[in-house]
Amino acid sequence: MPFAIEATNPRTRAVDLNRLGKILRTREELEAYDVASESWQKALQRRYKTHQEMKGILNHVEEVDTSIYDHFDMRVTPYLAQLMDRDDLNCPIRKQYMPFQGELNVREYEIADSLAEDHDMRDGSTVVHRYPNRVLFLVTTNCGTYCRYCTRKRFVSHRESAVNKQQLESGFRYLESHPEIDDCLLSGGDPLLLSDRQLEDILSQIRIRAPHIKFLRIGSRLPVQLPTRITPELCALIERYEVQMVNVHVNHLKEITPLFADRIKMLRKTGTMIGNQSVLLKGVNDDIATLRGLCMGLVSCGIRPYYCYSCDVAEGNHAYQLTLERILKLYHGLRGFISGPAVPTFVIDGTGGLGKMPIIPNYVRELANGAVWATSFEGKVHRMMNLEKGILEP
Ligand SMILES: *Cc1c(COP(=O)(O)O)cnc(C)c1O
Ligand code: SF4
């Protein structure tokens, strides 16, 4: 099985949580911990916040300048800590979430707000209105665990940037007064870090005040960072407010655990579409075998790979970036080799707010003389029929 789902740690067993402090300090405590035995809120309280704390459970933890945390916080859920390889610095989970010293060496071309989202925020709200019919509504600046390559690290995790009630209200008012908007995507930060009550407030305000919104979606990485966030209560909210799509953010097959697959199954029963967006990251998922495994792993859980992004040029992101040539090669390695519905659209979100642009290899080309040349998925080049005349010209 090329995309076998990894078994959970066989040593995982119930443990008397009351005997433990909030953070699982030793490897033994971590391995004995069963995340499904307690609420997601409790699990969040057990997040690791420093490299010092991680030293109790991982080997070869880098010595870093603690000013990293001021720049962009560190949080690691105990569930993700269990997925991290104890010894391997190249573990794809460690690479995504362990802050590293190089983050502080910002390159001159890197930009804090590389997508110019602040520029497109409307009327004192956190609604980003860039495309004609749809908006991105940033409802919180907190996340379960902070991905080091985050495009919004300029405000995500920063307490002084928290989204306040007035901004939310301005956002509802903006939606209310713009009937041309028929699609609203809740994001952040991570909307599922809000309590069910806070989330219900937002969903109900949108549904009551902006009935012209036909398509309501939530983007969240919490199902990957802490699958127990998907509860029957959350599913009831998604059903009640007819959230038509939940987009998760899986980057590696290692993140598709039995617990994740199980909770996704629960979420699918609500009838919502489930999509995935990945970010192409050097050293994490920039090889064809890994991407094939990831994409087939997603469809096997009933998740449609939606977007695959190139890593944005936010400050400190250079360590993850790939060349366009490499990205095109990765796409070529998917199309035709794995199931069609498992192939995501590759996109670059243009620096300066150009919006998303698809990265599409040139499989079919028409030359000036009208001849059509096509490259098969295996890379063979063929001359095809002239489309207009329906004949194969000499
Ligand atoms: C990505 C994005 C959307 C949603 O785009 P889709 O291609 O419809 O998924 C909307 N607004 C902004 C600002 C975005 O970045
Ligand atoms: S979950 Fe999304 S918003 Fe949060 S840190 Fe990761 S990339 Fe950034």
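Would you say Glu110 is surrounded by fewer than 20 Cβ atoms within 10 Å (Cβ to Cβ), under 16 Å from Gly352 (Cβ atoms) and away from ligand 2 (no atom under 13 Å from the Cβ)?
yes
Residue by residue, here is whether (1) within 16 Å of ligand 2 (Cβ to nearest atom); (2) assigned to a helix (DSSP H, G or I); (3) assigned by TED's automatic domain parsing to the domain that holds Val248 holds:
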| site | (1), (2), (3) |
| --- | --- |
| Gly293 | no, yes, yes |
| Leu298 | no, yes, yes |
| Gly302 | no, no, yes |
| Tyr307 | yes, no, yes |
| Ala319 | yes, yes, yes |
| Glu325 | no, yes, yes |
| Leu328 | no, yes, yes |
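So, in region 211-239, how many residues would count as being over 29 Å from Tyr48 (Cβ atoms) and without any contact (Cβ under 8 Å) to a residue 40 or more places away in the chain?
Number of matching residues: 9.
Being within 16 Å of ligand 1 (Cβ to nearest atom) and either surrounded by fewer than 20 Cβ atoms within 10 Å (Cβ to Cβ) or among the acidic types (Asp, Glu) (or both) is the filter here, so list the residues in region 220-250 that pass it.
Gln244, Met245
Does Leu58 meet the test of being surrounded by 15 or more Cβ atoms within 10 Å (Cβ to Cβ), away from ligand 1 (no atom under 16 Å from the Cβ) and in a loop (DSSP other than H, G, I, E, B)?
Yes, satisfied.
What number of residues within region 132-156 satisfy the criterion of being more than 9 Å from ligand 2 (Cβ to nearest atom), part of a loop (DSSP other than H, G, I, E, B) and touching a Gly at 6+ places or on another chain (Cβ under 6 Å)?
2
Does region 157-175 include one or more residues that are of a type in the set (S, T, N, Q), under 23 Å from Lys356 (Cβ atoms), within 16 Å of ligand 2 (Cβ to nearest atom) and in contact (Cβ under 8 Å) with a residue 24 or more places away in the chain?
no
Name the one entry in Ala368, Ala374 that is over 25 Å from Arg148 (Cα atoms), without any contact (Cβ under 8 Å) to a residue 12 or more places away in the chain and in a strand (DSSP E or B).
Unique residue meeting the criteria: Ala374.
Please work out if Leu192 is away from ligand 1 (no atom under 16 Å from the Cβ) and either surrounded by 20 or more Cβ atoms within 10 Å (Cβ to Cβ) or free of Cβ contacts under 8 Å to residues at least 60 places away in the same chain (or both).
yes
Might you check whether a residue that is modelled with pLDDT of 95 or more, surrounded by 15 or more Cβ atoms within 10 Å (Cβ to Cβ), under 15 Å from the mean Cα position of the chain (by Cα) and within 16 Å of ligand 2 (Cβ to nearest atom) occurs anywhere in region 83-93?
Yes, region 83-93 contains a residue that is modelled with pLDDT of 95 or more, surrounded by 15 or more Cβ atoms within 10 Å (Cβ to Cβ), under 15 Å from the mean Cα position of the chain (by Cα) and within 16 Å of ligand 2 (Cβ to nearest atom).
Find the residue count for region 201-230, including only residues that are away from ligand 2 (no atom under 16 Å from the Cβ), part of a loop (DSSP other than H, G, I, E, B) and in contact with a helix residue (DSSP H, G or I) (Cβ under 7 Å, 6 or more places away or on another chain).
Qualifying residue count, region 201-230: 2.
Would you confirm whether or not region 69-81 contains a residue that is surrounded by fewer than 15 Cβ atoms within 10 Å (Cβ to Cβ) and assigned to a loop (DSSP other than H, G, I, E, B)?
Checked against the condition, which is being surrounded by fewer than 15 Cβ atoms within 10 Å (Cβ to Cβ) and assigned to a loop (DSSP other than H, G, I, E, B), region 69-81 yields no hits at all.
Find all pairs meeting these conditions: Cβ atoms under 8 angstrom apart; at least six residues apart or on different chains; first residue within region 136-149 and farther than 23 Å from Asn105 by Cβ and more than 16 Å from ligand 1 (Cβ to nearest atom); second residue of a type in the set (Asp, Glu) and modelled with pLDDT of 95 or more.
Close Cβ pairs satisfying both conditions: Thr140/Asp190; Asn142/Asp190; Cys143/Asp190; Gly144/Asp190.
The values are calculated or read from the model by the stated rules, or taken from the named source; none is laboratory data. What you are looking at is a predicted structure, and each value in this text was computed from that prediction instead of being measured. When we count neighbours, we look across all protein chains shown, and the Cβ atoms used for this are built from the backbone with ideal geometry, even at glycine.
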